[in-house]
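Enquirer: Here's a structure for you.
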Amino acid sequence: MRVLAAMSGGVDSAVAAARLRDAGHEVTGVHLALAARPATMREGARGCCSVEDARDARRCADVLDIPFYVWDLAARFRDDVVEPFVAEYAAGRTPNPCLRCNEKIKFSAVLERARALGFDAVGTGHYARLSVDTPARPVLRRAADPDKDQSYVLGVLRRDQLAGALFPLGDSPKAAVRAEAAQRGLVVAEKPDSHDICFIPSGDTRGFLSERIGAAPGEMVDPSGAVVGHHRGVHDFTVGQRHGLGLRRPAPDGRPRYVLGLEPVSRTVRVGPAEELDVTALTGSAPIWLVEPPADALACVVQVRAHGGTARATVRVVGDGVEVALERPLRGVAPGQAAVFYRPDDAGDVVLGSATIASTSR
Amino acid sequence: MTYLDHAATTPMLPEAAATLTEALGRVGNASSLHSAGRRARRAVEESRETIAEAVGALPSEVVLATGGTEADNLAVKGLYWARRAADPRRTRVVVSAAEHHAVLDAAEWLAGHEGAALDVLPVDAHGRVEPDTLRAVLAAHADEVAVVSVMWANNEVGTVNDVRALAEVAHEFGVPFHTDAVQAVGALPVDFAASGVDALSLTGHKLGGPVGAGALLLRRDAACTPLLHGGGQERDVRSGTLDVPGTMSLATAVRAAVADVDRRTATLTALRDDLVARVLVEVPDAQLNGVPLDRPGERLPGNAHLSFPGCEGDSLLMLLDARGIECSTGSACTAGVARPSHVLLAMGLDEDLARGSLRFSLGHNSGPADVDAVVAAIGPVVERARRAGDALARS
């Protein structure tokens with residue numbers, strides 16, 4: 001196949017490109033320039049889209065002896081990822097930009113362009129197992145390395161998107177990928193993993209948001225309705241957050257308080273004890289399915305955030321959304337995140353579908 | 001492989017490569033007094049004389065440098081500093097909008113760090129600077145301008161300026177005039193003395209010589225403050241141990257390229273005209289940028305610069321590369337991201353058309369097979385790039 005390897009400049013996508021080439025594909029490397037103003041060598045900043053990352057990706061492509069290009073998708077990234085990210089926070093939700101980038105950039109803009117240019121698929125360094133025996137029925141499973149599994153951030157992809165995707169790292173532990181990079185002479189073998197949101201290289205998400213949203217001060221209210229503090233804007237908070245609430249007075253019972261909910265219209269941040277975070281049911285919007293949409297209640301395992309947060313659940317399609325009943329309570333379930341539905345399987349849990357969490361209840 | 005990126009760099013002429021490799025085996029610092037030094041000095045001075053003769057300069061006017069970027073920086077900054085030192089009122093720099101970044105960014109640096117005021121001369125739809133445009137700027141700021149720099153021939157669209165007329169205008173106002181002739185030497189008749197310019201940049205690797213060897217031709221009476229201080233070589237304007245093999249190879253290449261200009265102009269013009277005509281048959285809505293082909297002498301003979309509506313330049317580049325055809329979109333930023341060319345924007349192209357542009361530049365070893373390869377590939381490549389553009393707009 002003719003494969004476009006998306007190369008971020010990190011170790012995973014470099015090894016993915018190498019494996020695709022070794023598998024006999026005709027591979028072309030592409031680095032996606034996503035920052036409107038990429039950090040320069042002189043600034044010394046690191047981020048997903050810095051000049052240094054582009055250089056690292058190019059160095060790897062040269063070692064692999066594959067053609068390499070930089071595609072400028074900064075405008076699309078701004079419109080489809082960064083601006084919705086800000087808007088979601090302003091609306092009191094907690095978006096996952098990596099998931100949105102997979103959905104709108106890597107497996108939409110990039111895949112569509114690659115297909116038009118004559119490529120058959122886009123390969124990335126995501127940790128997930130994908131088999132596409134028939135294009136209409138791609139099967140997406142958790143990665144073999146449970147610590148690195150990224151099936152959650154890929155769980156929002158439609159079948160036609162997955163049909164054009166290749167994830168060559170799904171069977172490998174991260175340590176093996178690093179060792180392979182070193183053995184292949186790829187200079188990024190020791191490069192640290194990226195953890196921050198790529199377009200906020202400082203790691204200061206609050207600062208980034210308040211620059212763009214401004215101040216929208218309001219009250220912090222406990223379950224009794226008492227005002228226990230004030231805040232600069234609901235975008236400063238995420239459901240389940242404990243630290244940085246800025247509450248001077250402790251709770252009467254002395255127990256820690258958490259963010260329970262965000263109400264952007266009244267600019268209210270609801271805070272309270274941990275047990276109030278327990279969620280036993282949620283609704284989801286805009287579901288997508290990799291299996292036939294279930295006509296009846298679907299028993300599955302649901303995951304509600306990128307790391308951890310899984311529970312057995314029953315999913316029902318209701319109208320154009322879903323209702324999810326959890327078998328045990330989960331904490332820190334934030335509207336705006338995805339709920340991804342899995343069927344447990346010894347060969348790797350299979351992704352059945354997903355939806356965006358719209359509301360939660362106890 | 002079809003190499004049509006000679007304006008980026010052109011293969012070394014065999015005689016220049018032979019000179020270089022032979023000279024690499026020698027020892028000798030041209031500033032030393034002993035016999036090895038004398039031999040090195042003689043080789044450098046003979047090379048200097050060869051270069052001077054080929055481009056109508058005096059040997060003492062040849063300031064050896066590492067190439068176009070250094071020569072441009074030395075001219076723009078050095079002439080500015082010297083003129084300002086002589087007359088503190090002169091703090092303006094005038095450059096054309098179509099300059100190479102080696103001139104443009106040097107001028108912007110002076111504006112950002114040396115308190116200079118920058119005047120950017122607009123170009124016409126073909127990329128040319130009209131002498132009257134320069135006259136108007138100089139008249140508006142009489143006694144304030146320290147240096148003017150306008151390129152001899154544009155690296156992207158191949159447009160040739162009337163440098164002699166422009167230099168005359170600058171001199172009417174007592175302002176030194178520099179020209180970046182990196183693309184011109186070896187491609188067009190260039191006579192330093194007859195042109196009347198005060199300083200002229202040239203470089204080896206655009207005319208069949210080595211990368212890393214070039215020169216600033218600098219009139220004896222042009223005051224120029226050095227960028228590099230040290231041993232006082234090159235009239236104290238450009239210190240640094242001379243590169244003897246590079247200089248010898250540069251001289252061989254300049255002499256050969258200049259001697260061959262007429263023949264090469266005829267060959268490349270015919271090939272280029274054929275390429276443009278046949279590409280326009282394959283892609284009827286493609287557009288030639290720069291000076292029309294029926295005005296020879298106003299355009300570099302090997303330059304074909306075309307816009308393909310509805311295409312991204314980097315898609316075209318990638319698809320052509322996959323078919324073994326190497327050309328260029330003209331300009332790239334630090335991250336390797338294609339940006340619309342400042343030259344095309346200055347000529348009035350809209351951003352979309354500017355993004356969908358390709359430069360094919362032919363050179364001394366180009367032939368009809370290269371043109372045939374482009375003609376065979378361009379139709380399907382443009383069609384595919386258009387689909388990719390549509391896909392991106394849709395997705």
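The values are calculated or read from the model by the stated rules, or taken from the named source; none is laboratory data. Computed from a predicted model, the values in this text were never measured in an experiment. Because the Cβ atoms are built from the backbone with ideal geometry, glycine has one as well, and the counts that use them run over all protein chains shown.
Enquirer: Only residues that are in contact (Cβ under 8 Å) with a residue 40 or more places away in the chain and in contact with a helix residue (DSSP H, G or I) (Cβ under 9 Å, 6 or more places away or on another chain): list them for the range B:102-138, please.
Expert: Of everything in the range B:102-138, those that are in contact (Cβ under 8 Å) with a residue 40 or more places away in the chain and in contact with a helix residue (DSSP H, G or I) (Cβ under 9 Å, 6 or more places away or on another chain) turn out to be B:ALA102, B:VAL103, B:LEU104, B:ALA107, B:PRO122, B:VAL123, B:ASP124, B:GLY127, B:LEU134, B:LEU138.
Enquirer: For the range A:42-53, check the following and say yes or no: at least one residue is within 13 Å of another protein chain (Cβ to nearest Cβ) and either modelled with pLDDT of 90 or more or more than 25 Å from the chain's Cα centre (by Cα) (or both).
Expert: yes
Enquirer: Just to confirm my filter: which helices (runs of 4 or more DSSP H) fall fully inside the range A:89-201 and include at least 3 residues that are of a type outside the set (Ser, Thr, Tyr)?
Expert: The helices (runs of 4 or more DSSP H) meeting that bar are A:97-101, A:111-116, A:159-162, A:174-183.
Enquirer: Taking the range A:69-89, which residues are more than 12 Å from chain B (Cβ to nearest Cβ) and either in contact with a helix residue (DSSP H, G or I) (Cβ under 6 Å, 6 or more places away or on another chain) or of a type outside the set (D, E, K, R) (or both)?
Expert: Passing the criteria: A:PHE77, A:VAL81, A:VAL82, A:PRO84, A:PHE85, A:VAL86, A:ALA87, A:TYR89.
Enquirer: Same structure again: So how many residues does the range A:324-352 have that are within 22 Å of the chain's Cα centre (by Cα) and either among the charged types (D, E, K, R) or closer than 15 Å to A:TRP289 by Cβ (or both)?
Expert: Total satisfying the criteria: 12.
Enquirer: I've got another one for you. So A:LEU64 fits all but one of (1) modelled with pLDDT of 95 or more; (2) over 29 Å from B:MET318 (Cα atoms); what number is the exception?
Expert: Failed condition: (2).
Enquirer: So, one more: Can you tell me which residue among B:GLY232, B:GLY212 is at pLDDT below 95 and touching a Ser or Thr at 6+ places or on another chain (Cβ under 8 Å)?
Expert: Result of the check over B:GLY232, B:GLY212: B:GLY232.
Enquirer: Here is a further query. Among the residues of the range B:280-299, are any in a helix (DSSP H, G or I) and within 14 Å of chain A (Cβ to nearest Cβ)?
Expert: No, that holds for no residue.
Enquirer: Could you list all residues from the range B:52-84 that are surrounded by fewer than 20 Cβ atoms within 10 Å (Cβ to Cβ) and of a type in the set (D, E, K, R)?
Expert: The answer is B:GLU53, and nothing else.
Enquirer: Which of the helices (runs of 4 or more DSSP H) found entirely inside the range B:336-395 contain at least 3 residues meeting this: facing chain A (nearest Cβ under 9 Å) and not polar (S, T, N, Q)?
Expert: Answer list for the range B:336-395: B:368-394.
Enquirer: Only one of these is out of contact with any His (no Cβ under 8 Å at 6 or more places or on another chain), farther than 30 Å from A:VAL259 by Cα and without any contact (Cβ under 8 Å) to a residue 24 or more places away in the chain: A:THR124, A:THR134. Name it.
Expert: After applying the criteria, what remains is A:THR134.
Enquirer: Would you check which residues across the range A:155-184 are over 16 Å from A:ALA16 (Cα atoms) and within 17 Å of the chain's Cα centre (by Cα) and list them?
Expert: The answer is A:GLY155, A:VAL156, A:LEU157, A:ARG158, A:GLN161, A:LEU162.
Enquirer: Kindly indicate which of B:ALA43, B:ALA57 is among the aliphatic types (A, V, I, L, M), in contact (Cβ under 8 Å) with a residue 12 or more places away in the chain, within 24 Å of B:GLU234 (Cβ to Cβ) and outside any helix (DSSP H, G or I).
Expert: Of the residues listed, the single one that is among the aliphatic types (A, V, I, L, M), in contact (Cβ under 8 Å) with a residue 12 or more places away in the chain, within 24 Å of B:GLU234 (Cβ to Cβ) and outside any helix (DSSP H, G or I) is B:ALA57.
Enquirer: Count, please, the residues in the range A:1-34 that happen to be in a helix (DSSP H, G or I) and either acidic (Asp, Glu) or within 13 Å of chain B (Cβ to nearest Cβ) (or both).
Expert: 2
Enquirer: Which residues, taken from the range A:90-133, are under 18 Å from A:TYR152 (Cα atoms), touching a helix residue (DSSP H, G or I) at 6+ places or on another chain (Cβ under 8 Å) and among the small types (Gly, Ala, Ser)?
Expert: A:SER108, A:GLY123, A:GLY125, A:ALA128
So that you can scan it fast, the table gives a plain yes or no per residue for (1) at pLDDT 95 or above; (2) assigned by TED's automatic domain parsing to the domain that holds B:VAL374; (3) out of contact with any Asp or Glu (no Cβ under 6 Å at 6 or more places or on another chain):
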| site | (1), (2), (3) |
| --- | --- |
| B:ALA277 | yes, yes, yes |
| B:ASN289 | yes, yes, yes |
| B:LEU293 | yes, yes, no |
| B:PRO296 | no, yes, yes |
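For every residue, the table says whether it meets (1) more than 30 Å from B:ALA388 (Cβ to Cβ); (2) among the basic types (Lys, Arg).
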{"residue": "B:ASP243", "(1), (2)": "yes, no"}
{"residue": "B:MET248", "(1), (2)": "yes, no"}
{"residue": "B:ALA277", "(1), (2)": "no, no"}
{"residue": "B:VAL283", "(1), (2)": "no, no"}
{"residue": "B:ASN289", "(1), (2)": "no, no"}
{"residue": "B:PRO292", "(1), (2)": "yes, no"}
{"residue": "B:ARG295", "(1), (2)": "yes, yes"}
{"residue": "B:SER315", "(1), (2)": "no, no"}
{"residue": "B:ALA346", "(1), (2)": "no, no"}
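Enquirer: Scan A:LEU157, A:LEU140, A:LEU166 and give me the residue that is in contact with a Pro (Cβ under 9 Å, 6 or more places away or on another chain) and aliphatic (A, V, I, L, M).
Expert: A:LEU157
Enquirer: Follow-up question, since we're still on this one. Identify the single condition in (1) surrounded by fewer than 22 Cβ atoms within 10 Å (Cβ to Cβ); (2) touching a strand residue (DSSP E or B) at 6+ places or on another chain (Cβ under 8 Å); (3) away from chain B (no Cβ under 14 Å); (4) under 25 Å from A:ARG2 (Cα atoms) that A:ALA144 does not satisfy, given that it satisfies every other one.
Expert: With (1) surrounded by fewer than 22 Cβ atoms within 10 Å (Cβ to Cβ); (2) touching a strand residue (DSSP E or B) at 6+ places or on another chain (Cβ under 8 Å); (3) away from chain B (no Cβ under 14 Å); (4) under 25 Å from A:ARG2 (Cα atoms) applied to A:ALA144, the lone miss is (4).
Enquirer: Can I ask one more? Find all pairs meeting these conditions: Cβ atoms under 8 angstrom apart; at least six residues apart or on different chains; first residue within the range A:243-267 and at pLDDT below 90; second residue among the aromatic types (Phe, Trp, Tyr).
Expert: Taking only residues 6 or more apart or on different chains, the pairs are A:LEU245/A:PHE237.
Enquirer: So, in the range A:202-211, of the ones that are assigned to a helix (DSSP H, G or I) and touching an Asp or Glu at 6+ places or on another chain (Cβ under 9 Å), which residue ends up nearest to A:VAL351 (Cα to Cα)?
Expert: A:THR205
Enquirer: Something else: Return a yes/no flag: does the range B:318-332 have any residue that is surrounded by fewer than 21 Cβ atoms within 10 Å (Cβ to Cβ), modelled with pLDDT under 90, away from chain A (no Cβ under 11 Å) and within 28 Å of B:LEU121 (Cα to Cα).
Expert: Yes, that holds for at least one residue.
Enquirer: Also, quick follow-up: Which residue out of B:PRO226, B:PRO176, B:PRO189 is more than 21 Å from B:ARG359 (Cα to Cα) and surrounded by 24 or more Cβ atoms within 10 Å (Cβ to Cβ)?
Expert: B:PRO176 is the lone residue from the list that is more than 21 Å from B:ARG359 (Cα to Cα) and surrounded by 24 or more Cβ atoms within 10 Å (Cβ to Cβ).
Enquirer: Check A:ILE66 against each of (1) under 15 Å from A:ALA16 (Cα atoms); (2) more than 13 Å from chain B (Cβ to nearest Cβ); (3) more than 15 Å from the chain's Cα centre (by Cα) and name the one condition it does not meet.
Expert: Condition (2) is where A:ILE66 drops out.
Enquirer: Which numbered condition trips up A:PRO256, out of (1) closer than 17 Å to A:GLY246 by Cα; (2) of a type outside the set (Phe, Trp, Tyr); (3) buried (at least 20 other Cβ atoms within 10 Å of the Cβ)?
Expert: (3)
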